[in-house]
Amino acid sequence: MANFELSEQEILRREALEELRRMGINPYPAERFDVNANTAQIHNEYSAEKNNFQEVSLAGRLMSKRIMGSASFAELQDEKGRIQLYFKRDDFTVGEDTSRYNIIFKKLLDIGDFIGVKGFVFITQMGETSIHVKDFVLLGKSVKPLPIVKEKDGTVYDAVTDAEFRYRQRYVDLTVNPGAKDIFIKRTKMINSMRELFNSKGYLEVETPILQPIPGGAAARPFITHHNTLDINLYLRIANELYLKRLLVGGFEGVYEFAKDFRNEGMDRTHNPEFTVMEIYIAYKDYLWMMDFTEEMIEKVVLDLHGKTSVQFSEKVIDFKRPFKRMTMLGAIKEFTGIDISEMDEQQLREVCKKLTIETDETMGKGKLIDAIFGDKCEPHLVQPTFIMDYPVEMSPLCKKHRHNPLLTERFELIVNGKELCNAYTELNDPIDQLERFQEQLRLSEKGDDEAMFIDYDFVRALEYGMPPASGMGIGIDRLAMLMTNQQSIQDVLFFPQMKPEKKETADPKEKYTEAGISEEWIEILQKMGYTTLRKIKSVEKHGKLHQDLCGYNKKNKLGLNNPSVDDVKKWIE
RNA sequence: GAUCCAGUAGCUCAGUAGGUAGAGCACAUCCCUUUUAAGGAUGGGGUCCUGGGUUCGAAUCCCAGCUGGAUCACCA
């Protein structure tokens with residue numbers, strides 16, 4: 001047993017586990033446990049007059065235990081909440097045998113254990129709706145103590161606040177922190193709300209490849225993986241746009257997908273390497289129609305979640321009431337910088353950037369320069385939902401040229417709180433134009449732009465067969481979830497955000513120590529001193545110091561062992 | 001990638017011009033017939049993130065590193 005690395009409480013729980021087994025109780029039974037109520041139902045629907053819930057059966061985690069002699073109170077937590085349990089010794093006494101209460105309940109059940117209880121609902125003298133437990137069964141033993149978080153009148157005490165703890169061990173966060181589940185429940189409601197709208201219009205939810213031979217549909221660095229049988233590299237998708245448009249070619253007139261995308265880029269408060277995007281493509285529509293539809297969708301989501309159009313985000317209130325403000329990109333730049341860039345070439349744009357102290361580099365083409373100006377000088381000011389329309393053609397290789405101005409595209413983004421939330425086009429369906437745009441991307445790529453798009457010849461071939469005119473829109477689900485749940489960090493709306501791997505050092509088994517000539521009695525001591533692996537011992541530079549430390553430990557803890565000789569210790573290290 | 005902040009008991013956190021490491025909850029033992037973030041008493045529990053350095057002495061000061069957070073940069 002590697003007990004030296006377990007805490008006292010963990011050891012005690014393992015002992016309780018063994019004791020239960022000795023008493024013939026399986027701490028991990030296989031049989032189902034039927035439930036006929038949950039905590040929320042009881043709190044909402046029980047009344048003493050009705051005398052309902054007199055034969056309830058429910059299950060959950062034991063979250064507190066207060067023992068008062070022959071009676072005890074405890075709390076049971078299920079998915080919906082918590083309820084107080086009342087246990088009385090006499091209810092569990094058979095003849096003279098009080099062990100069910102005194103041993104099993106009082107000593108061997110711990111906070112965190114899953115139990116099932118049967119009994120009747122009543123209200124205590126203190127006015128607390130409770131279950132008088134007549135029967136209980138252990139459903140799953142917990143051998144690792146949960147942090148104790150308490151709550152009184154909405155004030156939470158000792159919540160687990162350490163971000164690393166919460167993200168790495170989300171299961172603990174969800175278990176102990178009140179309200180931790182709410183964010184994720186809202187996230188799912190939000191997705192359901194969107195899905196409802198799309199389905200009500202007859203659009204088809206589809207699935208397209210995540211492993212793609214050519215990562216298309218966006219400008220981003222992909223993750224690369226390898227398929228052994230085909231012996232080719234594949235990319236994790238950065239977008240699903242090109243596949244959904246292929247489906248329009250194939251005759252579907254409205255398709256959408258909630259898609260996990262992957263981008264091999266930096267991580268911060270608003271970026272996780274994998275994230276969720278909803279993309280939708282509707283035939284015979286244009287971006288003006290899509291703007292209205294986007295408004296409808298977002299307003300519906302906000303209403304479904306909050307019952308009103310405005311939401312609190314940090315210290316701001318954001319109102320999603322239709323219609324949203326609309327500006328063209330060049331108009332926005334003119335408004336926020338006073339500069340009209342509509343007629344400018346690359347060189348002039350570079351000078352504007354210089355004047356506005358915006359960093360540029362040689363690889364940036366016209367599109368990226370304009371985007372830099374917009375991102376730096378306009379985006380941060382756009383807190384309330386604002387559509388930015390008509391992007392320069394250079395930065396939108398999959399988007400149809402503007403019906404009145406060939407230098408622009410029929411594209412809009414929805415900016416909320418200074419961040420892009422949606423991106424939509426009147427889709428480019430001219431195969432000749434599309435190929436030229438891809439070739440322009442190739443030139444950018446050769447110039448050093450590592451995010452320029454690859455040429456997808458199959459996609460061009462699909463367009464050659466003919467694609468109906470269409471409009472498409474993508475929306476960042478994580479960012480929308482952040483807005484809808486008032487979270488400042490993407491990690492708080494993802495169950496399991498990406499983290500650096502946890503370094504887990506496992507101790508070497510005793511045999512490895514004995515093989516190195518270390519005598520039994522010193523192994524545990526070495527491990528307690530932190531030398532949990534042989535490699536650590538071998539890496540000691542001064543064997544004399546280790547020898548002294550060992551002797552010191554022996555003396556300090558009054559172990560009375562015969563100290564090893566300096567030479568012995570030297571041999572361990574060699 | 002840069003800068004700043006943090007890392008002390010299972011959890012939340014104190015702490016000291018460098019001199020034996022603290023509280024609450026949790027845990028253990030005992031007492032207690034219904035308590036309400038918690039009934040009472042007693043007690044156990046710590047490589048003070050890691051490794052170096054300064055020092056008679058480092059959890060505390062210095063340097064380096066690890067992990068996390070924040071800000072910025074990068075980023076449709």
Original post:
Is at least one residue of segment A:150-161 within 30 Å of residue A:24 (Cβ to Cβ) and among the hydrophobic types (A, V, I, L, M, F, W, C)?
Top reply: no
**OP:** Just give me the residues in segment A:374-391 being open to solvent by less than 60 Å² (accessible area, probe 1.4 Å), more than 20 Å from residue A:289 (Cα to Cα) and not in a loop (DSSP other than H, G, I, E, B), in sequence order.
**Re:** A:374, A:375, A:377, A:379
Original post:
Name the pairs whose Cβ atoms lie under 6 Å apart, with the first residue in segment A:137-156 and open to solvent by 80 Å² or more (accessible area, probe 1.4 Å), the second within 9 Å of RNA strand B (Cβ to nearest atom) and of a type outside the set (A, V, I, L, M, F, W, C), and 6 or more positions between them or separate chains?
Top reply: A:150/A:157
**OP:** State whether one or more residues within segment A:352-365 are among the small types (Gly, Ala, Ser) and more than 30 Å from residue A:311 (Cβ to Cβ).
**Re:** yes
Subject >> Which numbered condition residue A:390 misses (of (1) farther than 16 Å from residue A:412 by Cβ; (2) in contact with a His (Cβ under 8 Å, 6 or more places away or on another chain)) >> reply: (1)
Subject >> Count - residues of segment A:132-157 that are away from RNA strand B (no atom under 11 Å from the Cβ), among the hydrophobic types (A, V, I, L, M, F, W, C) and assigned to a loop (DSSP other than H, G, I, E, B) >> reply: 1
Subject >> Among (1) more than 7 Å from RNA strand B (Cβ to nearest atom); (2) in a helix (DSSP H, G or I); (3) open to solvent by 70 Å² or more (accessible area, probe 1.4 Å) - the single one residue A:172 does not satisfy >> reply: (3)
**OP:** Starting from segment A:359-381, take each residue that is within 18 Å of residue A:409 (Cβ to Cβ) and list its partners that are buried (at least 22 other Cβ atoms within 10 Å of the Cβ) and aromatic (Phe, Trp, Tyr), counting only C-beta distances under 9 angstrom and pairs at least six apart or across chains.
**Re:** A:367/A:391; A:370/A:391; A:371/A:391; A:374/A:391
Original post:
Only one of (1) touching a residue at least 60 places away in the same chain (Cβ under 8 Å); (2) within 26 Å of the chain's Cα centre (by Cα) fails for residue A:327. Which number is that?
Top reply: (2)
Original post:
Can you name the condition, by its number, that residue A:164 falls short on among (1) among the acidic types (Asp, Glu); (2) more than 6 Å from RNA strand B (Cβ to nearest atom); (3) outside any strand (DSSP E or B)?
Top reply: (2)
Original post:
What residue, among those in segment A:302-326 that are touching a strand residue (DSSP E or B) at 6+ places or on another chain (Cβ under 6 Å) and outside any loop (DSSP other than H, G, I, E, B), is farthest from residue A:467 (Cα to Cα)?
Top reply: A:317
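Here's the yes/no breakdown for (1) under 21 Å from residue A:137 (Cα atoms); (2) within 10 Å of RNA strand B (Cβ to nearest atom):
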residue	(1), (2)
A:15	yes, yes
A:43	no, no
A:48	no, no
A:53	yes, no
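Every residue, every condition in (1) open to solvent by 20 Å² or more (accessible area, probe 1.4 Å); (2) within 17 Å of residue A:393 (Cα to Cα); (3) of a type outside the set (Gly, Ala, Ser), yes or no:
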| site | (1), (2), (3) |
| --- | --- |
| A:417 | yes, no, yes |
| A:434 | no, yes, yes |
| A:441 | no, yes, yes |
| A:445 | yes, yes, no |
| A:462 | no, no, no |
| A:465 | yes, no, yes |
| A:473 | no, no, yes |
| A:487 | yes, no, yes |
| A:493 | no, no, yes |
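The values are calculated or read from the model by the stated rules, or taken from the named source; none is laboratory data. Model, not experiment: these values are computed from the prediction. Note: ideal-geometry Cβ built from the backbone for every residue, glycine included; neighbour counts use all protein chains shown. Note: accessible area is taken over every heavy atom of the protein model, side chains too, but ligands, DNA and RNA are not part of it. Shrake-Rupley method; radii C 1.70, N 1.55, O 1.52, S 1.80 Å.
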